[in-house]
1. Residue by residue through the stretch 89-113, note down the ones that are buried (at least 17 other Cβ atoms within 10 Å of the Cβ) and part of a helix (DSSP H, G or I).
2. Is it the case that GLU31 is closer than 14 Å to ALA99 by Cα and either touching a Gly at 6+ places or on another chain (Cβ under 9 Å) or among the acidic types (Asp, Glu) (or both)?
3. Can you name every residue in the stretch 31-64 that is in a loop (DSSP other than H, G, I, E, B) and crowded, with 17+ Cβ neighbours inside 10 Å?
4. Restrict the check to the stretch 33-48 and report whether at least one residue is among the polar types (S, T, N, Q), farther than 30 Å from GLN10 by Cβ and modelled with pLDDT of 95 or more.
5. Where the second residue is at pLDDT below 95 and of a type in the set (Gly, Ala, Ser) and the first is within 18 Å of ALA109 (Cα to Cα) and lies in the stretch 36-58, which pairs have Cβ atoms under 9 Å and are six or more apart or on separate chains?
Amino acid sequence: MDLGTDDYRQQIEILNQEFADLLPGRLDEIETLWSSLSEEGWDGEKLKAMIRTVHILSGSGKTFGYAALGRAAAFVEARLKDWNDRGELPAGRAREQVAARVAAMRKAAESRGESTRLKSLGRMVEEEEPGRLI
């Protein structure tokens, strides 16, 4: 299938928007699972569900322009897999590091979202008034 440049850009924009639209729900799921694991302790099924969701963001973050989110997710994923292999959740500093990275994922997504909205606005102005910068 041969897509023209405009069609290709449009398809990429659609994929980017779909990722951005699904991101808040995925972050909510990660935060809910982490909160449950932190408060209630070991639950293999919840840990595996969190690993799966974090893995999606770890792999896709950079692809869709969320590099900081992807790095934080990769850190969380590695720790969770290690804990899953050992069959236990550690206490103290290790948990604090993961909690901080979970919070960083949300912050990175929000800051990237703001940047994306500004770029979109810039493109709209350029289309309406060529040569004008905002």
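1. Residues satisfying the conditions are VAL98, ARG101, VAL102, ALA104, MET105, ARG106, ALA108, ALA109, ARG112.
2. So GLU31 fits the description; yes.
3. If the condition is that a residue be in a loop (DSSP other than H, G, I, E, B) and crowded, with 17+ Cβ neighbours inside 10 Å, then GLY61, PHE64 are the ones that fit.
4. For the stretch 33-48, residues among the polar types (S, T, N, Q), farther than 30 Å from GLN10 by Cβ and modelled with pLDDT of 95 or more: present.
5. Listed pairs, sorted by first residue: LEU57/ALA109.
The values are calculated or read from the model by the stated rules, or taken from the named source; none is laboratory data. Since the model is a prediction, treat every value here as computed from it, not as a measurement. Note: ideal-geometry Cβ built from the backbone for every residue, glycine included; neighbour counts use all protein chains shown.
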